[in-house]
1. Calculate, in whole percent, how much of the Cα-Cα pair population of the chain lies beyond 27 Å.
2. The range 250-273 to the range 78-120: how many Å between their Cα centroids?
3. What pairs in Lys84/Lys255; Lys155/Lys240; Lys88/Lys139 have C-alpha atoms more than 29 Å from each other?
4. Sort 127-133, 84-90 by packing, meaning the average of other beta carbons within 10 Å per residue, with the highest value first.
5. How many percent of the alpha carbon pairs in the range 140-266 exceed a separation of 18 Å?
6. I need the trypsin sites (Lys or Arg not before Pro) found in the range 173-209, filtered to DSSP loop residues with at most 14 other beta carbons within 10 Å of theirs.
7. Find out how many positive minus negative residues lie around Glu245, taking Lys and Arg as positive, Asp and Glu as negative, among other residues whose Cβ is under 13 Å from that of Glu245.
8. Please tell me the relative contact order of the chain in percent, rounded to the nearest whole number, where contacts are Cα pairs under 8 Å and at least six residues apart.
Amino acid sequence: MKAMKKYKDIIEVNVYWGGKHLFTCNYLYLEPHSSEFSRKFTFHNIEYKYFYETNLYHTSSDGTLRKMEAHVKEMEVKVSFFTKKRKKVSLSTFKMYLYDHSKLYEGDTWWAYGNILLDKYTDYGQYGIDMLFDWQNGKTTIDDWFDLPIGSDVKHVYLVLCLHWRDTDNPLNIKDKYTIDTSLIKEECDLSYLCSLEFVGDRGFLGIEYSEFKHSFKNLIFNIGHSVEGIKVYLLNVDKPYNEEMATFYQEYKKLFEECKFDVIELKDGELP
């Protein structure tokens, strides 16, 4: 994997072998296709300072020191990430019975091949890890969000990560006007995504479904401690709803903005703020 500009690490992957800490890295990748139950993981950007030579050996019954890799076949992986305030959140934990692996200490990557032990497994999602890796390298939005299918897991995973990233640090980004392109909204979470970027900013979170969004948005406005009366919200392309359902939905969130005392201005296709 090509090295990218280094930002502060967000992902932390800890690998244990025989109950001992083997190494820490900041990215892992699950090969997407497998013709059998066994899977292959590759660990990237290994920090060598975390390697402990003694962790690769065990003491046998006769008291001699032997290489652990010939003795131990079970590996444990713990994946976590750090929030904006550097709080550690657990993302996934799993154990593998190893069949094969690359040599240690050669380069900053290492791969392991084997069976995941399902009784020692919590949900693993490559989507989330890849998103966090993008964040780690300075890319914090999804370029093709509005090309994703309705109900996409990618959207849900992104918003959940934003929830953890922000935690309670979700203040209103004070501006003299806000702009929402209503033609981009094909489902409820699209509104949450657009408004989180416009009203909160980078990796903001205002819910996923509309009921969550409505509650979060009202709290967002209430917590600034003063009225937003007179501040404009421009709703673009109001004559181009995605479908009839979104046309009805538009009336709901337009009403919400009005209830919060924003000056709502509707603009049709081609009209600019």
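Since every read-out is calculated from the coordinates, none of them should be taken as a lab result. Remember, predicted model here, so these are calculated numbers, not experimental data. We place every Cβ from the backbone using ideal geometry, glycine too, and count neighbours over all the protein chains shown.
1. Numbers: 18916 of 37128 pairs.
Taking all Cα-Cα pairs of the chain, the fraction more than 27 Å apart is 51 percent.
2. 47 Å
3. Values: Lys84/Lys255 32 Å; Lys155/Lys240 23 Å; Lys88/Lys139 20 Å.
Those over the limit are Lys84/Lys255.
4. Numbers: 127-133: 19.4, 84-90: 10.6.
Output ranking for 127-133, 84-90: 127-133, 84-90.
5. On the way: 3980 of 8001 pairs.
Of all Cα-Cα pairs in the range 140-266, 50 percent lie more than 18 Å apart.
6. Lys175
7. Details: positive: Lys186; negative: Glu187, Glu188, Asp190, Glu244, Glu252.
Around Glu245, the surrounding residues sum to -4.
8. Details: 466 pairs, mean separation 37.7, N = 273.
Relative contact order for the chain comes out at 14 percent.
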